[in-house]
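Coordinate-derived values only; no laboratory data. All values reported here derive from a predicted model rather than from experimental measurement. Cβ placement follows ideal geometry from the backbone for every residue including glycine, while neighbour counts extend to all protein chains displayed.
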Amino acid sequence: MSAETLSVTVCDATLRDGSHAVAHQFTAEQVRAVVGGLDDAGVPVIEVSHGDGLGGSSLTYGRSGSDELELIEAAVQTAERARIAVLLLPGIGTKDDLRAARERGAQVVRVATHCTEADISPQHIALAGELGYTPIGFLMMAHMNSPEGLAEQAAIMAAAGAEAVYVTDSAGALVPDGVSARVAALRERLGDEVAIGFHGHQNMELGVANSIAAVRAGARWVDTCTCGLGAGAGNTPTGAFVAAAERSGIATGIDLFEALEVAETTVRPLMRRPQIADRGALLLGYAGVYSSFLLHAERAAERFGVPVEEILLECGRRKTVGGQEDWIIEIAAELASRSEVVA
Ligand SMILES: C[C@H](O)CC(=O)C(=O)O
Ligand SMILES: [Mn+2]
């Protein structure tokens, strides 16, 4: 297949991964504005949920400002062409959450597990298929498994009925070679029946390069966020990916100028801070730490008077994974007591 014939399905996850960056405070009005703009730009799939997926609103992950089912409904009512996706982490979200989101009109679900735990996903993937969703597997923290190991996990999701399986670089820790190797391993293991996706983070500023590498290695779904709005340093920015894809002979079906318009007029005003790889965010990628830990670590750093960088590096050393947000507080408290002893 020549480079010119490549085409990908872009899923814009601003209203889900970007939820981390706004402490899960999106409103229905904001959802309507963002979905309207992305839909006009030709974005085919738009994800809307709490940052940690359906049912994520909690003390551990952060309470949502609005009922996520109302946000999903607002998105569904606004989109004329785009399909609305939701995220579900088994154990955080339940089968009932899956049913409720489907009743509100969601059409695609990404069932997400840690990259070695796909065996907790089959019942949710199978139910999603029965409910009429397009079920997709989402293997998070993909840098923590080898290409072959990740392919085995993807096969579990595919056997349960996933139509696509994602290599999810939750920590923004992968470099292009690592992305290509993982996507190629999934391709070889799953064959042509199941598509491969890639979800990148910008912690080492490689989101666009990694996404292009993923497509070159066989990925056909790519996640992006408008203005990069997402956890950590953010995600692969939609506009930058669309532009780079076009220059690389990869078709997205998205109008670059309309995507940039919604970025500047609708999403940028919602941003609480510039989405950049500053010291903390960059260390997430370098140390291989879950991107959504950044804001939790910043809060703990302030509360215990310790450097955020130390907390993140220790999270990396302990190989923390999603769901272990409480360790951040434990680590910060330990660092604070150690520095008291030294003083
Ligand atoms: C629950 C996470 O935020 C999902 C995700 O976007 C990632 O792992 O990256
Ligand atoms: Mn993410």
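A compact table of results
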{"quantity": "Percent RCO, i.e. relative contact order, over the chain, from Cα pairs under 8 Å lying at least 6 residues apart", "calculated": "17 percent"}
{"quantity": "Amide H within-cut-off set for residue 13, under 5 Å, with H built and near neighbours excluded", "calculated": "47, 224, 225, 226"}
{"quantity": "Normalised contact order of the range 148-284, rounded percent, pairs of Cα under 8 Å and 6 or more residues apart", "calculated": "22 percent"}
{"quantity": "DSSP bridge pairs, the range 102-257: antiparallel proportion in percent, nearest 5", "calculated": "5 percent"}
{"quantity": "Förster radius 30 Å - calculated FRET efficiency between residue 209 and residue 309 (Cβ-Cβ, nearest 0.05)", "calculated": "0.75"}
{"quantity": "5 angstrom amide H check on residue 109, placed H, neighbours 5+ away", "calculated": "86, 134, 136"}
{"quantity": "For residue 52, net neighbour charge (Lys/Arg +1, Asp/Glu -1) across residues whose Cβ lies under 13 Å away", "calculated": "-2"}
{"quantity": "Sum of side-chain charges, residue 148 neighbourhood, beta-carbon under 12 Å (Lys, Arg +1; Asp, Glu -1)", "calculated": "0"}
{"quantity": "Residue among 207, 229, 282 farthest towards the positive dipole end of the chain, charges placed on Cβ", "calculated": "282"}
{"quantity": "Estimated dipole of the chain in Debye, rounded to 20 [Cβ of Lys and Arg +1, of Asp and Glu -1, Cα centre]", "calculated": "260 debye"}
{"quantity": "³J(HN,Hα) computed for each position of the range 58-64 - Karplus, 6.51 cos²θ - 1.76 cosθ + 1.60, integer Hz, glycine/proline x", "calculated": "6, 5, 5, 9, x, 6, 6"}
{"quantity": "HN-Hα J in Hz across the range 142-159 - Karplus 6.51, -1.76, 1.60, θ = phi - 60°, x for Gly and Pro", "calculated": "4, 5, 8, 9, 6, x, 5, x, 5, 4, 4, 5, 4, 5, 5, 5, 5, 5"}
{"quantity": "Other-chain or far-sequence residues with amide H under 5 Å of residue 58's (modelled H)", "calculated": "63, 64"}
{"quantity": "Net charge, residue 40 excluded, C-beta distance under 12 Å - Lys, Arg +1, Asp, Glu -1", "calculated": "-4"}
{"quantity": "Karplus (6.51, -1.76, 1.60) ³J(HN,Hα), θ = phi - 60°, over the range 279-293, in Hz, Gly and Pro reported as x", "calculated": "4, x, 5, 5, 5, 4, x, 4, 8, x, 10, 3, 4, 6, 6"}
{"quantity": "Label-point separation in nm, residue 5 to residue 188, each point 7 Å along Cα→Cβ", "calculated": "2.4 nm"}
{"quantity": "Computed E for residue 40/residue 326 - FRET, C-beta separation, R0 30 angstrom, nearest 0.05", "calculated": "0.10"}
{"quantity": "Length-normalised contact order for the range 3-161 - Cα pairs under 8 Å, 6+ apart - percent", "calculated": "19 percent"}
{"quantity": "Qualifying GluC sites (Glu not before Pro) for the range 161-197 [loop in DSSP, other Cβ within 10 Å: at most 16]", "calculated": "193"}
{"quantity": "Point-to-point label distance, residue 302-residue 131, nm (Cα→Cβ direction, 7 Å offset)", "calculated": "3.6 nm"}
{"quantity": "Pair residue 159, residue 175: separation of 7 Å Cα→Cβ label points (nm)", "calculated": "3.5 nm"}
